[in-house]
Amino acid sequence: MNSRSRRFRPATQTDAERDGHRFEWLKPDGWRTGFRALVLELADPDAGARVIGVGRIGPNPVHPGRDLVELEIAPEHRRHGHGTALLHELGKYSNKPLFNKAAPGSERELFLRTLGAVTYLEVPLLRLDVAAERTARWAAAVHEGHDGGARAVPWSDLPREQVIDALTDRYLWQHASWSPTAARDVVRPVVGEEFYEDSSHEHSIAVVRDGQITALADLYRGGADVEDGEGSAGGRGAGLSREGSLEAVDAAAPHARADVALCLAALLEQLRAVGVTSLDLDNHPTDPHTAPLLATLDREEVDPVHLLEIPGGLTAVLRELP
């Protein structure tokens, strides 16, 4: 393919209106602060220039160590070097490593690997069988073995700001080793306030010890209605599924493991009581308390995704040394 037939330019609103149906997320350049959006045009001697690819690049305010990069090439134009050329063009707007994610073995992952992408974390959803009798016995054993110094309560019983602060604290340490965050005051509106608003306050669980929140289980909004147990099949408990996450607020606290277990037990019992049959937990294999606890339950890994770092900035310079 003659590289001279390619042209990169900022995406426009006209592009979005004309080609938005062809590309999943096509937005005009500058639609978000700090982001660039480009289109890749290919010269066509009969029809003029035609958009065959789109790309965007910009900062992640929560995880500033990497910039997000995303690109999409029309299926009929893939494997001709257009994606590589577009990524190199986007890379001119960043001096950092780049971030993307992909399902293992997918076309996206295979393409990014050719550009030097490496996995910095593999994250599966862990699906728990809420309806299993062993799950009920597991929850009962947690209660029986707990020291009694803490209690599990719904978020709706606690002050909003206390829960938001706890969510923020949890997020900061969870990501410190593999995807460091920005300062706490920058992160709090996103991982504290937004996570709080996106969770069901009546059904998410907090464990409180000596007046402090020590563990949190967030049940995300959406999915089946846990209040009346009615799903799309029209019957109570007909294959209902929910999604959430949990961990300790302070990973080093002496009762962290036991309090996370209590938090999960309370959530599972609540979901089981209203007919939910499965729970997908959006956790990390690096979570020091949740991961070992989940390994003791009936579970399966579903929808794994690789978080990928693509060489950019210093890493790109070092990789391209002769």
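The values are calculated or read from the model by the stated rules, or taken from the named source; none is laboratory data. None of these values were measured; they are calculated from a predicted model. Cβ placement follows ideal geometry from the backbone for every residue including glycine, while neighbour counts extend to all protein chains displayed. In case anyone asks, the SASA skips ligands and DNA or RNA and just uses the protein heavy atoms, side chains included. Shrake-Rupley method; radii C 1.70, N 1.55, O 1.52, S 1.80 Å.
Limited to the stretch 33-48, what total is found for residues that are open to solvent by less than 40 Å² (accessible area, probe 1.4 Å) and more than 26 Å from the chain's Cα centre (by Cα)?
Of the stretch 33-48, the ones open to solvent by less than 40 Å² (accessible area, probe 1.4 Å) are 35, 37-42, 48.
Applying the additional criterion that residues be more than 26 Å from the chain's Cα centre (by Cα) yields 39-42, 48.
Looking only at that region, the number is 5.
Checked against (1) of a type outside the set (F, W, Y); (2) within 30 Å of R79 (Cβ to Cβ); (3) over 19 Å from the mean Cα position of the chain (by Cα), L158 passes all but condition (2). With respect to T214, is the statement that it is in a loop (DSSP other than H, G, I, E, B) and either touching a residue at least 40 places away in the same chain (Cβ under 8 Å) or touching a helix residue (DSSP H, G or I) at 6+ places or on another chain (Cβ under 6 Å) (or both) true? Criteria not met by T214.
Mind listing just one residue for me: the one in the stretch 2-21 that is in a loop (DSSP other than H, G, I, E, B) and at pLDDT below 95 and, of those, farthest from E72 (Cα to Cα)? Looking at the filtered set, the residue picked out is N2.
Against the conditions (1) aromatic (F, W, Y); (2) within 30 Å of V274 (Cα to Cα); (3) open to solvent by 40 Å² or more (accessible area, probe 1.4 Å), W138 satisfies every one except (3). Looking across R188, R160, one residue alone is over 11 Å from V62 (Cβ atoms) and of a type in the set (K, R). It is R160. Of the set (1) among the acidic types (D, E); (2) assigned to a helix (DSSP H, G or I); (3) touching a residue at least 40 places away in the same chain (Cβ under 8 Å), all apply to E24 but (2). The single condition among (1) without any contact (Cβ under 8 Å) to a residue 24 or more places away in the chain; (2) crowded, with 17+ Cβ neighbours inside 10 Å that E144 does not satisfy is (2). Return a yes/no flag: does the stretch 49-60 have any residue that is open to solvent by less than 60 Å² (accessible area, probe 1.4 Å), at pLDDT 90 or above and assigned to a loop (DSSP other than H, G, I, E, B). Looking for residues that are open to solvent by less than 60 Å² (accessible area, probe 1.4 Å), at pLDDT 90 or above and assigned to a loop (DSSP other than H, G, I, E, B), one finds at least one in the stretch 49-60, hence yes.
Scanning the stretch 114-130 for any residue that is in a helix (DSSP H, G or I), free of Cβ contacts under 8 Å to residues at least 24 places away in the same chain and open to solvent by 30 Å² or more (accessible area, probe 1.4 Å) turns up nothing. For the stretch 184-198, the candidate set comprises residues that are open to solvent by 50 Å² or more (accessible area, probe 1.4 Å) and part of a helix (DSSP H, G or I); within that set, the residue that is farthest from W173 (Cα to Cα) is E197.
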